[in-house]
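Okay, so here's the structure we're looking at.
Every read-out reported here was derived from the displayed coordinates using simple, explicitly stated rules and does not represent laboratory data. Since the model is a prediction, treat every value here as computed from it, not as a measurement. Please note: Cβ atoms are built from the backbone with ideal geometry, for glycine as well, and neighbour counts cover all protein chains shown.
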Amino acid sequence: MPYYYYPYFDWTYLVIVLPCIFLSLFASWRVNSTFKKYSQQMSARHITGAEAAMRVLRANGVQGVRIERIAGNLTDHYDPKTNVIRLSEGVYNNTSTAAIGVASHEAGHAVQYAVGYAPIKLRAAIIPITNIGSRLAMPLILIGLLLGFLGNVSYLFVDVGIACFALSLVFQLVTLPVEFNASRRAISTIDQAGLLTEEEQQGAKKTLRAAAMTYVAATAVSLAQLLRLVLLFGGRRRND
C-alpha cells in the first residue's frame, strides 16, 4: 500500500506546505504592521488617499474613473467592471504616506487597464477559468481516489484535478507582475507629481513592498500545494 494512504503522517504537508503557510502569515502580519506604522506618518502636503488616486489618474491622462469609500481594513481595490477605485476607511480620507501609497497603487491598476497593459488583461481573461478550476480540483481528485478500482479512469480524474489546481498557480504567477507594475507606476507618479517628499516616499514604498510580499507568499503556497498533490497522487500508476 502506498505511503500516501496513511493519514497520521504526511511529510509533504510538513516539509513543503507548512513553511509557505508560515510565510503567508508573516507577510499578512507584516503588511498590517507596516501600514499601521506609516499611517502615523502624515504627508506635509496633507493630500488624502482619494486625492492622491485622482492625481495619479490625472497625471497619466486617465479619465472617467470614480473613487469611492468602502468599509473594512485594507479592502482597497480597483473594479474594472464598473471602473471604480474603492478605498477603505483608513485610506480614503487619510493623509498618511501609507494611505497615499495604497491609493496610488489602486490608481495604478486603473492606469494599467487604460493603457492596455497585457498582464492585467491576461489576468482578467483567466479569472473565470481559474475560479472554476479551483472549485473542481479537489472534488475531481477525490472522485479519482474513490474510483481507484477502475484503473485508468481513476487516474484521469486525478490528473485532471491536479491540472485544475495548477490553474490557481498560473493566476498567482500572472498576478505578480501586475501588482509590481502597479506599485512602480504609483511611486513614479508620486515622485513626478510631488505628492510626497523624498523622505515621505520611503513610507509609501515600504507599505507597498510589504503588500507585494503577500502576493509572493500566496504564489509560494499555491506552488507548494501543487507540488504536494503531484508527489502524493502523481505517481499512483507506479505505486499501484
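Please give the contour-minus-distance gain from residue 129 to residue 163: 0.36 nm per residue of separation, less the Cα-Cα distance, rounded to one decimal in nm.
Details: separation 34, 0.36 × 34 = 12.24 nm, distance 1.19 nm.
Result for the pair: 11.1 nm of gain on full extension.
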Simple spin-label estimate for residue 215 and residue 66 in nanometres, 7 Å along Cα-Cβ: 2.6
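Magnitude of the Cβ-charge dipole of the chain, K/R +1 and D/E -1, about the Cα centre, nearest 20 debye?
Working: 22 positive and 14 negative charges, 32 e Å.
Its charge dipole is roughly 160 debye.
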Environment charge at residue 97 (Cβ cut-off 12 Å; Lys +1, Arg +1, Asp -1, Glu -1): +1
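Per 0.36 nm of contour for each residue apart, how much would the distance between residue 175 and residue 143 grow if the chain were fully extended, relative to their Cα-Cα spacing? Before the final figure, lay out each step's value.
On the way: separation 32, 0.36 × 32 = 11.52 nm, distance 3.05 nm.
8.5 nm is the gain from fully extending residue 175 to residue 143.
Evaluated at 25 °C with a viscosity of 0.890 mPa s, what Stokes-Einstein diffusion coefficient in µm²/s does region 90-150 have when Rh comes from the Kirkwood expression over alpha-carbon pairs? Please report the intermediate quantities before stating the final value.
Working: Rh = 15.2 Å.
Estimated diffusion coefficient is 162 µm²/s.
For a quick check: sort 105, 77, 46 by the number of other beta carbons within 10 angstrom, fewest at the front. Let's see the in-between values first.
On the way: 105 27, 77 14, 46 8.
The fewest-first ordering by Cβ neighbours comes to 46, 77, 105.
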Using θ = phi - 60° and the Karplus curve 6.51 cos²θ - 1.76 cosθ + 1.60, what whole-Hz ³J(HN,Hα) does each residue of region 173-180 get, with Gly and Pro shown as x? 5, 6, 5, 4, x, 4, 5, 4
Which distance in nm do the two modelled labels at residue 231 and residue 193 give, with both placed 7 Å along the Cα-to-Cβ direction? 4.7
Using amide H atoms built 1.01 Å from N in the peptide plane, name the residues 5+ places from residue 76, or on other chains, whose amide H lies under 5 Å from its own. 88
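Could I get the Rg over Rh figure for region 111-233? Both from C-alpha atoms, Rh via Kirkwood, rounded to two places.
Details: Rg = 19.8 Å, Rh = 16.8 Å.
On the Cα set of region 111-233, Rg over Rh gives 1.18.
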Kindly provide the helix-only [θ] at 222 nm of the chain, computed as the sum of -39,500 (n - 2.57) over DSSP H runs of four or more divided by all residues, to the nearest 500 deg cm²/dmol? -24000 deg cm²/dmol
